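Data block below; observations after.
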Amino acid sequence: MQEPLFEGVTLIEDGAECSGQSLVGCFVKKAAVRFTNVVVALFDNSKESFEQHLSSLPTSVTVLDFYREPLPSFADYEAALSRGGSLQKGVLFIESLTALQWVHGGGVDRTCSLLHHLAKSNAVVALLHGELLSPLEVKRLAYVADSYYKLSADNETAIASCLIRRGNGKLVSSTESFSVTPDFRLIVQERASGGKPRVEDFIPPKSTAAAAPVINVPFDMGLKLSANERLAKQSIKLPYTAAQSEEGLVGLNATGSKKMKAGGQIIYVPDVADDLDDSDPDDDLMI
């Protein structure tokens, strides 16, 4: 299993057969060692229950107990989560993205937008109950993620299918069995049998895909030219460039004996067989 990168958005999808609470607790412990600002937003459990689950809560962890103190609207949650992780660079944990999305009226579009906004200033780790959402909703949320863990079970063995998006755009996938010790240490046991997560899980529906930005890239992209080679390439005058300016007039041998000059103009030379009529085409209109 890939270790959490704590960069961008990390989604953990669990189900009834394999809960993600222990893995989230493991990630909280790891984040508390690396960062001084770790915020956990609770939606399914109270602060007391969460602290009891972790046995001991690191001092660098701040808990937002939305289970005991729910807010009136999704906009209030957006503001509270933004304030919670805005002090300094750190990690924001959302204990139940499903509760935030549906119970508190966020919907998939606003939830995706919120994750994207929060990830600009902090790493975001969110637990997602996939069985409560449609496959399309899960896929749209997974598209926002930089790291995606899908948990399942095989004969009481916990299995994690991981899909990590690297900074260069490469997707790294793995499927392994794991366990979490009572002191929340992650133990990867062995590579599990079965298929790897599909790259298609990161591809959104066509109707929701944002238009790709137009990027002006040079034609020598990927050629790995040296400075002298690039200078020599730029000094080459291509045959069609001179015709685009008055200074580079092109000689046209239209009749075989007479040359005419044109700079960006359209030259029409009548052919011998052309039927030219000098009469007024509107003469019959009695104008």
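The values are calculated or read from the model by the stated rules, or taken from the named source; none is laboratory data. Treat the numbers as computed from the prediction; the structure is a model and nothing was measured. Positions of Cβ are generated from backbone atoms using ideal geometry, with glycine treated the same way; all protein chains shown enter the neighbour counts.
Out of the residues in region 133-149 that are of a type outside the set (Gly, Ala, Ser) and over 18 Å from the mean Cα position of the chain (by Cα), state the one that is surrounded by the fewest Cβ atoms within 10 Å (Cβ to Cβ).
Here the answer is 135.
Could you grab me the full set of residues in region 26-55 that are β-branched (Val, Ile, Thr), buried (at least 18 other Cβ atoms within 10 Å of the Cβ) and not in a strand (DSSP E or B)?
Matches in region 26-55: 28 only.
Given (1) crowded, with 21+ Cβ neighbours inside 10 Å; (2) in contact with a Leu (Cβ under 9 Å, 6 or more places away or on another chain); (3) under 14 Å from residue 118 (Cβ atoms); (4) among the hydrophobic types (A, V, I, L, M, F, W, C), identify the lone condition not met by residue 23.
The failed condition is (3).
How many residues, within region 221-242, are surrounded by 10 or more Cβ atoms within 10 Å (Cβ to Cβ) and modelled with pLDDT under 70?
Total satisfying the criteria: 3.
Residue-wise test of (1) surrounded by fewer than 21 Cβ atoms within 10 Å (Cβ to Cβ); (2) closer than 27 Å to residue 183 by Cβ; (3) modelled with pLDDT of 85 or more.
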| residue | (1), (2), (3) |
| --- | --- |
| 57 | yes, yes, no |
| 91 | no, yes, yes |
| 97 | no, yes, yes |
| 113 | yes, no, yes |
| 117 | yes, no, yes |
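So for region 118-128 (the condition being farther than 23 Å from residue 17 by Cβ, in contact with a Gly (Cβ under 7 Å, 6 or more places away or on another chain) and of a type in the set (S, T, N, Q)), does at least one residue qualify?
Yes, the conditions are met somewhere in region 118-128.
I'd like to know if region 180-192 contains one or more residues that are at pLDDT below 80 and either surrounded by fewer than 10 Cβ atoms within 10 Å (Cβ to Cβ) or part of a loop (DSSP other than H, G, I, E, B) (or both).
Among the residues of region 180-192, at least one is at pLDDT below 80 and either surrounded by fewer than 10 Cβ atoms within 10 Å (Cβ to Cβ) or part of a loop (DSSP other than H, G, I, E, B) (or both), which makes the answer yes.
Residues of region 59-77 being at pLDDT below 85 and buried (at least 19 other Cβ atoms within 10 Å of the Cβ), which ones?
None; the set is empty.
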